[in-house]
Amino acid sequence: MATTATEMQTYHNYIGGAWRESASGETFVDTNPAHPSEVLGRFQKSTAADVDAAIGAAEAAFPAWRAIPAPQRGEIILRAALLLEQRLDELARLMTREMGKTLKETRGDIQTAIDFGKYIASEGRRAEGETVPSALPDKMCLTIRQPLGVVGIITPWNFPMAIPAWKTFPALVAGNTVVLKPASDTPLLAVKLVEALVDAGTPPGVINLVTGPGGTLGDALVCDQRVALISLTGSTEVGKRVAELCGRDLRRCSLELGGKNAIIIMDDANLDEAVAGVAWAAFGTTGQRCTATSRVIIHRAALNEFNQRIVAAAENLRVGDGLDPQTEMGPLVNTGRVRAVHEYIEIGQQEGAKLLTGGAAYSDSPLAEGAFYAPTIFTNVTPEMRIAREEIFGPVLSVLPVGSYEEAIQVANATEYGLSCAMYTDDMRKVFRAMRDIQAGLIYFNAPTTGAEPHLPFGGVKNSGNGHRELGSGAVDEFSEVKTVFVSYPPRRG
Ligand code: NAD
């Protein structure tokens with residue numbers, strides 16, 4: 001049921017330990033993409049002045065926060081993770097209403113944040129350095145980890161809890177204070193993350209939240225000299241801009257960006273497994289995962305059978321409101337994305353690709369109300385076509401036939417991106433060669449291109465990032481710097 005303007009809740013920025021209105025006095029609304037007339041709440045349309053206040057609060061809170069022993073900071077993160085666990089069902093339903101993915105997927109998103117919180121909390125007890133011998137007598141050398149200061153965190157809408165948590169938790173464990181700027185399609189889940197951190201006991205000013213337009217707030221955060229690091233997950237286009245602005249002042253930025261991920265299916269692959277893997281990775285989260293499979297590179301020997309089976313799988317998918325437990329694919333995040341995805345259907349057809357299924361929004365069904373788009377498959381796609389090279393970020397799969405392992409690898413690597421790649425094969429030699437040959441930060445064998453584990457590094461190569469990795473024990477590295485210490489202890493003279 002749609003929420004009326006009078007009963008609509010207004011959410012605030014969180015700055016210096018208080019929920020505050022924006023200096024602009026303006027708000028924007030957050031709507032459900034399955035039912036765009038349903039409004040989840042009103043959020044602050046912040047300005048550079050709000051970002052300035054948030055950075056000021058974070059800067060003021062930094063000395064006291066960094067002085068708290070790291071194991072105690074870790075305890076607060078653990079409590080926040082446990083609070084998210086208590087609230088999991090409620091948060092999953094909110095997330096489905098806010099950005100559309102199915103309840104199974106939103107539960108997974110929040111569970112990832114919980115698991116990572118439990119894992120990274122204990123990094124507060126490690127924060128290990130090195131102890132090494134000196135080349136000189138009576139001297140000892142060691143390294144210690146230090147926080148950076150104020151960290152600016154900018155996040156996308158497709159993993160509204162997991163990604164803000166992947167960044168915020170290690171930043172805080174490492175002793176930094178944070179200004180979080182979430183995507184405008186999913187401010188509510190960011191509010192819920194901050195509420196959990198506040199309830200867990202973060203002191204005022206340690207975590208700050210500012211909602212509103214990416215360009216204005218992003219520039220204010222990125223260009224402020226008091227911000228030591230920008231950690232951004234988003235599109236490659238925005239990442240390049242952030243890198244350029246940070247580069248001017250030699251300030252750090254860690255970037256997790258777009259992908260054009262491929263599943264390679266060799267002629268010896270188990271086709272049942274491959275079809276199931278492609279269907280899940282291409283159409284799960286409506287193709288809006290950074291690790292979504294948007295290309296299948298398949299040996300010609302298996303092409304026809306694969307095409308028949310994947311088309312059947314796509315046409316049998318139950319598309320609908322993600323709150324319905326029967327639904328297998330929800331809407332796109334907003335109606336603007338429906339137009340953006342559809343443009344690529346026209347591009348693909350103009351380029352000469354063959355549309356096997358989909359290629360349209362649901363204009364004459366009950367789904368017409370929402371941002372729904374049919375699972376879409378192109379075949380006879382060639383590597384130079386735009387639909388084979390550009391990130392579409394929707395339920396659109398391009399099938400590229402090849403004749404050999406060597407050609408498959410060449411085609412897989414023929415994009416500017418390098419986030420995730422998978423290969424289905426029973427041949428161990430191909431597995432080890434592909435492990436070496438594929439240009440990607442994440443490689444899967446006999447499994448699709450999606451999936452992360454909290455204790456393993458996550459990130460891409462080429463234009464999918466700038467070399468940093470999230471998750472894993474190294475997650476804290478991004479948010480800290482190494483200081484090398486030399487201690488001399490010769491016998492005291494005189
Ligand atoms: P986006 O780049 O449009 O926005 C990301 C964030 O940046 C948002 O908070 C946005 O408000 C902000 N932003 C926009 N303009 C900005 C500017 N000029 N300066 C600073 N910040 C600005 O991306 P999106 O549409 O929210 O998310 C989808 C993209 O994110 C896809 O490209 C996807 O592949 C990528 N992504 C990557 C990963 C990864 O781990 N590599 C994970 C999830 C999503």
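The values are calculated or read from the model by the stated rules, or taken from the named source; none is laboratory data. Owing to the predicted nature of the structure, the values given are computational and were not obtained by experimental measurement. Glycine gets a Cβ as well: all are built from the backbone with ideal geometry, and neighbour counts include every protein chain shown. When the accessible area is computed, the model is the full protein with side chains, heavy atoms only, and any ligands, DNA or RNA have been set aside. Shrake-Rupley method; radii C 1.70, N 1.55, O 1.52, S 1.80 Å.
The charge dipole of the range 177-320, taken about the Cα centre with unit charges on the Cβ atoms of Lys, Arg (+1) and Asp, Glu (-1), comes to about 400 debye, rounded to the nearest 20.
The fraction of all Cα pairs in the chain landing in successive 10 Å bins from 0 to the largest distance is 4, 19, 28, 25, 15, 6, 2, 1, 0, 0, given as whole percents.
Ranked by the mean number of other Cβ atoms within 10 Å of their residues, highest first, the peptides 372-383, 16-27 fall in the order 372-383, 16-27.
Could you please state how large a percent of the accessible area of the range 24-118 is carbon and sulfur, counting protein chains only and using a 1.4 Å probe? Ligands and nucleic acids excluded, carbon and sulfur give 53 percent.
Between the residues Val178, Thr155, Gly284, the greatest Cα displacement towards the positive end of the dipole of the chain, with unit charges on the Cβ of Lys, Arg, Asp and Glu, is found for Val178.
Residues in the range 323-424 average 39 Å² of solvent-accessible surface per residue, probe 1.4 Å, ligands and nucleic acids excluded. Please compute the net charge surrounding Asp272, taking Lys and Arg as +1 and Asp and Glu as -1 over other residues with Cβ under 14 Å from its Cβ. Counting the neighbours of Asp272, the net charge comes to -3. Under a model in which nothing but the beta-carbon of Lys, Arg (+1) and Asp, Glu (-1) is charged, the range 239-348 shows a dipole of about 720 debye around its Cα centre.
For the range 418-494, the spread of Cα positions along the three principal axes, ordered from largest to smallest, is 75, 26, 22 Å. On the range 166-211, 51 percent of the accessible area sits on carbon and sulfur atoms, based on a 1.4 Å probe. Scattering from the range 386-426 was approximated by placing one identical point on each alpha carbon and applying the Debye formula without solvent; log10 I(q)/I(0) at 0.23, 0.29, 0.33 1/Å stands at -0.95, -1.33, -1.41.
Projected onto its three principal axes, the C-alpha set of the range 83-149 covers 65, 20, 20 Å, listed from the longest axis down. Dipole orientation for the chain: of the candidates Cys246, Met140, Gly403, Met140 has the Cα lying most toward the positive pole (charges on Cβ; Lys, Arg +1; Asp, Glu -1).
Could you work out [θ]222 nm for the chain from helices alone, using -39500 (n - 2.57) per DSSP H run of at least four and dividing by all its residues? Round to the nearest 500 deg cm²/dmol.
-12000 deg cm²/dmol
For the chain, a simple Cβ point-charge model (Lys and Arg +1, Asp and Glu -1, everything else neutral) yields a dipole of about 1520 debye relative to the Cα centre.
On a per residue basis, the range 429-494 carries 59 Å² of accessible surface, using protein heavy atoms and a 1.4 Å probe.
What's the carbon and sulfur percent of the range 224-347's accessible surface, probe 1.4 angstrom, rounded to a whole number? Roughly 48 percent of what the probe reaches on the range 224-347 is carbon or sulfur. With the highest mean first, a sort of the peptides 99-110, 167-178 on other beta-carbon atoms found within 10 angstrom per residue produces 167-178, 99-110.
Shown for the chain: cysteine residues without a partner Cβ closer than 4.7 Å, namely Cys141, Cys223, Cys290, Cys421. Taking Cβ atoms as reference points and 10 Å as the exclusive limit, the residues near Ser473 contribute a net charge of -2, counting Lys and Arg as +1 and Asp and Glu as -1. Residues whose amide H falls under 5 Å from that of Val461, counting only those 5 or more places apart or on a different chain, are Gly418, Leu419, Gly441, with hydrogens built in the peptide plane. Comparing Leu88, Val333, Ala70 along the charge dipole axis of the chain, the residue lying farthest to the positive side is Ala70, per the Cβ-charge model.
In this structure the range 165-270 gives 27 Å² per residue of accessible area when probed at 1.4 Å with all protein chains present. Under conditions of 25 °C and 0.890 mPa s, the range 338-494 yields 129 µm² s⁻¹ as its translational diffusion coefficient, taking Rh as the Kirkwood radius over Cα pairs in the Stokes-Einstein equation.
Residues whose amide H falls under 5 Å from that of Thr47, counting only those 5 or more places apart or on a different chain, are Ala23, Ser24, with hydrogens built in the peptide plane.
When the trypsin sites (Lys or Arg not before Pro) in the range 261-342 are filtered for DSSP coil states and for at most 15 other beta-carbon atoms within 10 Å of their beta-carbon, the remaining sites are Arg318.
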